[in-house]
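*Asks:* Below is the structure I would like to discuss, written out as structure tokens.
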């Protein structure tokens, strides 16, 4: 079980996101107002708060959304979850579609931070069911549907 620590969006891909506190999550699309939303397999990006904090403890001056993550969640190690895992937060249901990613050249995050943890720590999901997601919401692993 986890807790949503930040809900982040940005109008442009490859840039840091800003914590908006709450956002509408649109089925098979992503977070309303976020550049990564769309009809593809990486509609929502997730990062564990623990990975973020470990990077911060190494002396980095970062803020929520610095790695381009949509959802920063405490208490869930996303790297250990297989593709196909479903997560629920309120009415929202997400399904993990990809673990990690390759950073594209010219990434603003890499230029600003000197390193990006999303390639090894982040996961991506598609929206199975939409709703509102907010800081403080509980996130749980959902049973596999059979």
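*Asks:* For 46, 31, what ranking results if the residue with the fewest other Cβ atoms within 10 Å of its Cβ goes first?
*Replies:* Numbers: 46 24, 31 27.
The order, fewest Cβ neighbours first, is 46, 31.
*Asks:* Let me ask something else. Ranking 133, 99 by Cβ neighbours within 10 Å, fewest first, what do you get? Write out the running numbers ahead of the final one.
*Replies:* Values: 133 22, 99 18.
Placing the least packed residue first, the sequence is 99, 133.
*Asks:* Continuing with this model, one more query. Distance between the C-alpha centers of the range 82-97 and the range 20-64? Whole Å please.
*Replies:* Rounded to whole Å, the Cα centres lie 14 Å apart.
*Asks:* Let me ask something else about it. Which percentage, to the nearest 5, of the DSSP beta bridges contained in the range 18-99 is antiparallel? Mind showing how you got there, number by number?
*Replies:* Values: 6 of 9 bridges.
Around 65 percent of the beta bridges assigned by DSSP in the range 18-99 are antiparallel ones.
*Asks:* Oh, and also: Can you compute the equivalent ellipsoid semi-axes for the range 2-142, i.e. the square root of 5 times each eigenvalue of the Cα gyration tensor, sorted largest first and rounded to whole Å? Kindly include the intermediate steps, with their values, before the conclusion.
*Replies:* Values: eigenvalues 88, 51, 41 Å².
Over the Cα atoms of the range 2-142, the semi-axes work out to 21, 16, 14 Å.
*Asks:* Using Cα pairs under 8 angstrom and six or more residues apart, how large is the relative contact order of the chain, in percent? Don't jump to the answer; show the numbers that get you there.
*Replies:* On the way: 380 pairs, mean separation 51.1, N = 146.
Result for the chain is 35 percent.
*Asks:* Here is a follow-up. Just for the range 2-142, what percent of DSSP beta bridges are antiparallel, to the closest 5?
*Replies:* Values: 30 of 33 bridges.
Here the share of antiparallel DSSP bridges comes out near 90 percent.
*Asks:* Can you sort 27, 121 by how many other beta carbons sit within 10 Å, fewest first? Don't jump to the answer; show the numbers that get you there.
*Replies:* Details: 27 14, 121 22.
Fewest-to-most Cβ neighbours within 10 Å comes out as 27, 121.
Every number in this text was worked out from the coordinates using simple rules, so none of it is lab data. Nothing here was measured: the structure is a model prediction, and the numbers come from that model. With ideal geometry, Cβ positions are generated from the backbone for all residues, glycine too; neighbour counts draw on all protein chains shown.
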